[in-house]
1. Looking at (1) open to solvent by less than 10 Å² (accessible area, probe 1.4 Å); (2) among the small types (Gly, Ala, Ser); (3) touching a strand residue (DSSP E or B) at 6+ places or on another chain (Cβ under 6 Å); (4) not in a strand (DSSP E or B), which is the one condition that is false for residue 530?
2. Name, by its number, the condition in (1) part of a loop (DSSP other than H, G, I, E, B); (2) in contact with a helix residue (DSSP H, G or I) (Cβ under 8 Å, 6 or more places away or on another chain); (3) of a type outside the set (A, V, I, L, M); (4) open to solvent by 20 Å² or more (accessible area, probe 1.4 Å) that does not hold for residue 85.
3. Every residue in segment 123-153 that is surrounded by fewer than 23 Cβ atoms within 10 Å (Cβ to Cβ), touching a Phe, Trp or Tyr at 6+ places or on another chain (Cβ under 9 Å) and not in a loop (DSSP other than H, G, I, E, B), please.
4. Count, please, the residues in segment 90-117 that happen to be more than 14 Å from residue 140 (Cα to Cα), open to solvent by 20 Å² or more (accessible area, probe 1.4 Å), outside any helix (DSSP H, G or I) and touching a residue at least 40 places away in the same chain (Cβ under 8 Å).
5. Hey, residue 266 hits all of (1) without any contact (Cβ under 8 Å) to a residue 60 or more places away in the chain; (2) open to solvent by less than 50 Å² (accessible area, probe 1.4 Å) but one; which does it fall short on?
6. Scan segment 183-230 residue by residue and report those that are in contact with a Leu (Cβ under 8 Å, 6 or more places away or on another chain) and more than 16 Å from residue 160 (Cα to Cα).
7. Would you mind finding the one in 248, 288 that is assigned to a strand (DSSP E or B), open to solvent by less than 60 Å² (accessible area, probe 1.4 Å) and within 16 Å of residue 497 (Cα to Cα)?
8. Are any residues in segment 459-503 in a strand (DSSP E or B), under 16 Å from residue 53 (Cβ atoms) and open to solvent by 20 Å² or more (accessible area, probe 1.4 Å), and if so, which ones?
Amino acid sequence: MKSCKVPSSLAAILSLVLWGAPVPARSQSSSAQTASKPAASTAADNSPIRFAFQPIDFKLDSDETPERHAPETMAGGVAVFDYNNDGKLDIFFANGADIKTLHKSSPKYSNRLFENDGKGNFKDVTEKAGLVGTGFDVGVAIGDYDNDGYEDIFVAGVYHNTLYHNNGDGTFTDVTTKAGLNKPDPEYGSLWSVGAAWIDVNNDGLLDLVVINYLQWRPESEPACMGDGHRDYCHPKMYKSTPNQLFINNGDGTFRDASVESGLRAHPGKGMGVAVADANLNGRLDLIVPNDKLVNSYFRYKGGVKYEEVAFEANVALREDGVFISGMGVDFRDLDNDGYPDIVLVALDNETFPVYRNTGKGDFVEVTEKSGMTALSSPMAGYSPMIADFDNDGWKDIFVSRGHVQSLLSAPRVAVEQPNTVFRNLGSMKFAALTSEAGFTSQPPSRHRGSAVGDLNGDGRLDVVVSAISAPAEIWMNQSPGDDHWLEIKLQGTKSNRDGIGTRIKVVTKTGAQYNHMSTSFGYASSSAGPVHFGLGPNATADLVEIRWPSGIVQQLHDVAADRILAVKEPAQ
């Protein structure tokens, strides 16, 4: 493995760009990385993590009907990314369509792109950008597949996926057919996709595409499922499974279907999300796919473009008591600062939000009960989990968008509409649930679906965007108290893919070490493509920032000042 050590004296001239204003140093030190933190306060005014609601002019419309067609309750992907390279994170919402025709027959079904002015204000630029869409869209994945410096958009939907090329002038072009991503499966036909992840599978510097497919559904043969005297959305057992897909980037704007060759197609499921991480620190990304009322899929990288499915061997196939759960969204990041990425899934009420700790030995151990998550999450139904440090204390927390899969007719027997929750990381794999304390009950509960994260106003605190079925979307601006420091790292690959997806980053401060990696795949049907964020607690300087690129090149930056975005370009070697 190659190493490129960069002296601190050169840090200012090594393609490092500073955005954002300095934040005053915190007067009170937080605990060491290896110790537990005090439990969160129950008083809203004293909550260590707090959000303020900000409206945005978008309402998710999935064309709910009395027939309760399955896609109606599964819409709602969100993306946060910088579409025009102005340094300000913008927002994209995937939207539904006429459920019978699967066409956007009305402007109310339009996907939406909102441009950020850098102060948290957003302007609708959908029409100009060419992103209205045509079909029933569900998920979104952001990635620069052609390494031209502009983020492209893959939109997953019901029997119709779309790849939008970013033209660099504020517009996008539908290149799905040209890319070869519009071909039906030879056995299953057109598939219902709910999400995707951009990763460089074969490490050739080009982003490949993993597409996650849900179940086999046809509107004309929708089963009638009754509950409490009314028709409602059916259990997943009423539908057949479908396989996931892998498309390898040819480097000329086209992709080849490697689903069979990779081994993914041999394991059909009812996928509801995908998250990627280098679980065993071998330089390649593994995949976790939660399945709805089936065993989860865990694809461990084998070499070339091949994966092996090892969910049982890795101990992530089922909940620890062997019960099937309604696996929804997923995230795959280091929660305990030991350098190994951990896994969080979410599910419906009484199913818990399972937490799997990476042992560093090739498998995981479930710590849902020990972490407190069993008791905290049992009454909750979740869709989109995101692991991120919302209070900048150096410990990643877990945000979960909440809402039930059932229709509103199931209330009040079922808590269909729910507020969102953030689970504050207390250290030692312990969590505290903050709902009203975090400000989320300031708005009515909803059937929340997709979520994405990013610093929308440049204050160094991570904000959240959430969609909801038949309800206004929500922006939650982070107004957490305190003045802990932060550092964001914006990567530009040269030998590696330009986004730097798969890059592992270690940040060391006087308080200790923490780890994260670059991936734009978060939660349920959503994508977050901002810089890699680190909370630094009371530390105004990072003693060491170590960047391990997919190419094998290692950069080390010393004495890096906090409270800024650090743009780092992979050195040519």
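The values are calculated or read from the model by the stated rules, or taken from the named source; none is laboratory data. What you see is a predicted model, and the numbers here were worked out from it, not measured in a lab. Here Cβ is always computed from backbone atoms with ideal geometry, including for glycine, and neighbour counts include all displayed protein chains. With ligands, DNA and RNA removed, areas are computed over all heavy atoms of the protein, side chains included. Shrake-Rupley method; radii C 1.70, N 1.55, O 1.52, S 1.80 Å.
1. It is condition (1) that residue 530 fails.
2. The number of the failed condition is (2).
3. 123, 124, 126, 135
4. Residues that pass the stated criteria total 2.
5. (2)
6. 197, 198, 199, 200, 201, 208, 228, 230, listed by residue number.
7. 248
8. Going through segment 459-503, the residues in a strand (DSSP E or B) turn out to be 463-469, 472-478, 485-492.
Those left that are additionally under 16 Å from residue 53 (Cβ atoms): 463-468, 472-478.
Answer for segment 459-503, where residues must be in a strand (DSSP E or B), under 16 Å from residue 53 (Cβ atoms) and open to solvent by 20 Å² or more (accessible area, probe 1.4 Å): just 472.
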